[in-house]
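Worksheet: one structure, shown below.
The values are calculated or read from the model by the stated rules, or taken from the named source; none is laboratory data. Nothing here was measured: the structure is a model prediction, and the numbers come from that model. Cβ atoms come from the backbone with ideal geometry, glycine included; neighbour counts cover every protein chain shown.
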Amino acid sequence: MKIYRTESARKIIFDAWLGAKVVRFPGIKNVNKVGDKGDGRFMAVQAERLRLYFSFSPKGEGFVMNLLVGLSFLWLVLVVSASGCTQNSSSDLLKKPNPTLLEVAKLQQEDETLLRDIAPDQIMKLTKGMERYAEQAVMGARGDDHKVAALHAALVSSPQAGGLGIQYRAAATLSVADVFSKREANCLSFSLLFVAMARHVGLNAHLNNVQVPPTWVMNGEKLQFMRHVNVKVNLRFSRDDIVVDLDLTNYRAYYPQSLIDDDIAIAQYYNNLAMSTHESDAATPMQLALMRKAISIAPKQSYLWNNLAALYWRWSLPKVAEALYLQAARLEPKDMTAIWNLSELYRIGGQDELAGALALAAQGYRDSNPYYQYRLAVLEYSDQNFEQAAHRIERAIEKQPEEKRFYRMAADIYQRLGLTKKWQQAQSQL
């Protein structure tokens, strides 16, 4: 066992080989030492495809670390465009939302009918069988830390090792009962399941919001911005908190994070269901019902108003969308997604000066988006500015190297520039 110290936390990493039905750490036996990396970074090790990460942070330091299992999507329609030339702050430029138009966010009677099978009190409800499974998983585990390890292993270790083998799938926004039966989840659904089971066996578990750096996924012509939820367990009789991690790819312990009430996570659950529906470009009554339900549960969450605005924009109701975007910006003036979307809304509506000013306010946020760089590369290419196009597409690739469409664009650009070696490198990624 190796202890790593950082300014904000003490980190202990166990390399555990799974053999029994549930991982045990009696006296920390059969644990291989992790090599000293010497840099105090967030690290983890692989053991039969299961990554266990235990991060202990002293209580009272104002910095908490948590269990996470991947990314949960908050789908936002982000249109890539805009420029500007004013020094005004965005809050000075925005008017108050029309209260009459905001009435569309109130839950309607027909919404309850549509949502009758998705009741809030059922989302985290354990069946008797799930309760027994949790109890058996931690049976014999000594101490809260060993209980967390045993429960986590029982959920995510392979069936061959005696676990459920729950797999990460970004779009799998499911109730805890469905996660248990289907054995797949995104970070939100897994966190809901883990918290429910952990509480059942006496652990003090909480949901936690993590502010990951701006990250996007492109779906057709729409951009989806990702947020992240995970779990924190407070250890009794200890100054420490415990963290277990399934997917380290998009998380660092130093990201800003804070505990959230169950209601906030439930609202995000409804949000994810609404914004992951892609049957048509127009918003559906079910999507609107889901978003209104989310807002009724957590009305101060700006991203919910932003997403409802996106639905009404798709429904060709720009005045309603504007009011909802303005409400999002009013709740959180630093919500650059709402500012960005407002700038595009005003640009399309012919309010170029206001659109430009808001775009300037969101410039840093916009420039960090790899798909914005991709769009600029496409525009430069169409204008036959191939060197500028190459610069833009290389910035996009640097920010999101797994996106295949970037390499297709790069290959076309390099072919025009006669850069054979770079063209071959781009082609090799396709």
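Might you let me know whether the stretch 269-276 holds any residue that is surrounded by fewer than 22 Cβ atoms within 10 Å (Cβ to Cβ) and modelled with pLDDT under 80? Full working, then the answer.
Residues of the stretch 269-276 surrounded by fewer than 22 Cβ atoms within 10 Å (Cβ to Cβ): 273, 276.
This time we only want the ones that are modelled with pLDDT under 80, so: 276.
Within the stretch 269-276, one or more residues are surrounded by fewer than 22 Cβ atoms within 10 Å (Cβ to Cβ) and modelled with pLDDT under 80.
Please enumerate the residues belonging to the stretch 310-339 that are on the phi > 0 side of the Ramachandran plot and within 23 Å of the chain's Cα centre (by Cα). Spell out the reasoning first.
First, pick out the residues of the stretch 310-339 that are on the phi > 0 side of the Ramachandran plot: 316.
Those that are on the phi > 0 side of the Ramachandran plot and within 23 Å of the chain's Cα centre (by Cα): none in the stretch 310-339.
In this structure, residue 350 qualifies as outside any helix (DSSP H, G or I) and surrounded by fewer than 16 Cβ atoms within 10 Å (Cβ to Cβ). Residue 334 fulfils the conditions (1) without any contact (Cβ under 8 Å) to a residue 24 or more places away in the chain; (2) touching a Phe, Trp or Tyr at 6+ places or on another chain (Cβ under 9 Å) except for a single criterion, (2). When the stretch 161-183 is filtered for residues that are modelled with pLDDT of 95 or more and outside any loop (DSSP other than H, G, I, E, B), the ones remaining, listed by number, are 176, 177, 178, 179, 180, 181, 182.
Among residues of the stretch 264-275 that are among the hydroxyl-bearing types (Ser, Thr, Tyr), those with a Cβ under 7 angstrom from a residue that is in a helix (DSSP H, G or I), sequence gap 6+ or separate chain, pair up as 269/123; 269/188; 270/290; 270/293; 270/294. Scanning the stretch 308-336 for residues being in a loop (DSSP other than H, G, I, E, B) and buried (at least 21 other Cβ atoms within 10 Å of the Cβ) gives a total of 1. Only one entry in 343, 368 is closer than 28 Å to residue 308 by Cβ and touching a Pro at 6+ places or on another chain (Cβ under 9 Å), namely 368. With respect to the conditions (1) touching a Pro at 6+ places or on another chain (Cβ under 8 Å); (2) under 21 Å from residue 305 (Cβ atoms), residue 329 lacks only one, and its number is (1).
Of everything in the stretch 363-384 that's small (Gly, Ala, Ser) and surrounded by fewer than 22 Cβ atoms within 10 Å (Cβ to Cβ), which residue is nearest to residue 416 (Cα to Cα)? Talk me through it step by step, then tell me what you get.
Looking only at the stretch 363-384, we keep the residues that are small (Gly, Ala, Ser), and these are 364, 368, 377, 382.
Filter once more, keeping what is surrounded by fewer than 22 Cβ atoms within 10 Å (Cβ to Cβ): 364, 368, 382.
Values: 364: 30, 368: 27, 382: 12 Å.
Ranking the candidates gives 382 first.
Taken as a whole, the stretch 249-263 holds at least one residue that is touching a helix residue (DSSP H, G or I) at 6+ places or on another chain (Cβ under 6 Å) and modelled with pLDDT of 95 or more.
For every residue, the table says whether it meets (1) touching a Ser or Thr at 6+ places or on another chain (Cβ under 9 Å); (2) touching a residue at least 12 places away in the same chain (Cβ under 8 Å); (3) surrounded by fewer than 21 Cβ atoms within 10 Å (Cβ to Cβ).
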| position | (1), (2), (3) |
| --- | --- |
| 95 | no, yes, yes |
| 106 | yes, yes, yes |
| 125 | yes, yes, yes |
| 144 | yes, yes, no |
| 148 | no, yes, no |
| 171 | yes, yes, yes |
| 182 | no, no, yes |
| 195 | no, yes, no |
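Let's see how each residue does on (1) in the same structural domain as residue 343 (by TED's automatic domain parsing); (2) under 30 Å from residue 93 (Cα atoms); (3) more than 27 Å from the chain's Cα centre (by Cα):
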site: 358; (1), (2), (3): yes, yes, no
site: 374; (1), (2), (3): no, yes, no
site: 385; (1), (2), (3): no, no, yes
site: 390; (1), (2), (3): no, no, yes
site: 394; (1), (2), (3): no, no, no
site: 401; (1), (2), (3): no, no, no
site: 404; (1), (2), (3): no, no, no
site: 417; (1), (2), (3): no, no, yes
site: 423; (1), (2), (3): no, no, yes
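The set of residues in the stretch 148-160 that are closer than 14 Å to residue 133 by Cβ and either assigned to a helix (DSSP H, G or I) or not hydroxyl-bearing (Ser, Thr, Tyr) (or both) comprises 150, 151, 152, 153, 154, 155, 156, 159. Looking only at the stretch 120-149, which residues are among the small types (Gly, Ala, Ser) and modelled with pLDDT of 95 or more? If the condition is that a residue be among the small types (Gly, Ala, Ser) and modelled with pLDDT of 95 or more, then 129, 134, 137 are the ones that fit.
Sub-7 Å Cβ pairs linking a first residue in the stretch 415-430 that is closer than 17 Å to residue 404 by Cβ to a second residue that is among the small types (Gly, Ala, Ser) and in a helix (DSSP H, G or I), at least 6 apart or interchain, are 423/411; 426/410; 426/411; 427/411, ordered by first then second residue.
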